[in-house]
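Structure first, then comments.
FYI, it's all coordinate maths here, none of it is from the lab. Predicted model, so just to flag it, every value in this text is computed and none were measured. Counting neighbours? That spans all protein chains shown, and the Cβs are built from the backbone with ideal geometry, glycine included.
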Amino acid sequence: MVLEDDIEKAYEEEKIKPNNYLQGVLGAFTFPIPGILVTILFFMLKRITAVSGLVYYILARKGYLWAGGKFNKIGVLIISGASIFYTVAGTFVGYVALIVKEFYKEFSAEGVSLFDIIKYTVNTVLTNPVVRHELIVNIRLSLLFCGVCIIINMVQSIKQTEKTKVKKSV
């Protein structure tokens, strides 16, 4: 009977625990920002990899939990949504960084500020149909490879939320 009471008490404590979804969203969308550096690195190496998706998921989860978000199915969806968002954002930033790098290799950029080059590159990516098409292809590939990694982690996290672990007290 004591073990059943402990289990029931654990379930009750979990039920009354605040959701903190708003704080969790803020954490999940703030912590992955440094992960964009990983994506930029892979773009500079002219590679697309699922490692970025894993990095975004881990950072989003850490941010969500750090902010006190309740780790349940909704929390896992928030973490996964943040990971997917950063997969797209990281691909965009990485693509722009790669073009800026290529610009510096090809042309003399004396007297032109880095800000102006980045502004010109972003404008080109958004307005030039050929460049925009290449970006969209890169985003799709990133979502495919990173998405697999995110889905695997999402399934594992959902399984974790379904189990309530009660440790036997000594």
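Once phi is turned into ³J(HN,Hα) by the Karplus curve 6.51 cos²θ - 1.76 cosθ + 1.60 with θ = phi - 60°, what whole-Hz value does each residue of the stretch 92-107 show in order, with x for glycine and proline?
4, 5, x, 5, 4, 4, 5, 5, 4, 4, 5, 4, 5, 6, 8, 10
Between residue 122 and residue 74, 0.36 nm times their residue separation minus their Cα-Cα distance comes to what?
Stretched out fully, the residue 122 to residue 74 stretch lengthens by 13.8 nm.
Could you sort out which of 62/119; 46/159; 62/159 sit more than 25 Å apart by Cα distance in this structure?
62/119; 46/159
Per residue of the stretch 60-77, in order, report the coupling 6.51 cos²θ - 1.76 cosθ + 1.60 (Karplus, θ = phi - 60°) as ³J(HN,Hα) in whole Hz, putting x for Gly and Pro.
Karplus-based 3J(HN,Hα) across the stretch 60-77 equals 5, 5, 4, x, 4, 6, 4, 7, x, x, 6, 8, 9, 4, 5, x, 5, 5 Hz.
Can you work out the Karplus-derived ³J(HN,Hα) for every residue in the stretch 78-86? Use 6.51 cos²θ - 1.76 cosθ + 1.60 with θ = phi - 60°, whole Hz, and x for glycine or proline.
Those phi angles translate into 5, 4, 5, x, 5, 5, 5, 4, 6 Hz.
Kindly state, to the nearest 0.05, the FRET efficiency for residue 112 paired with residue 26, given R0 = 41 Å and r defined as their beta-carbon distance.
0.65
Distance in nm between label sites at residue 162 and residue 104, each 7 Å beyond Cα in the beta-carbon direction?
Placing both labels 7 Å beyond Cα along the Cβ direction yields 4.9 nm.
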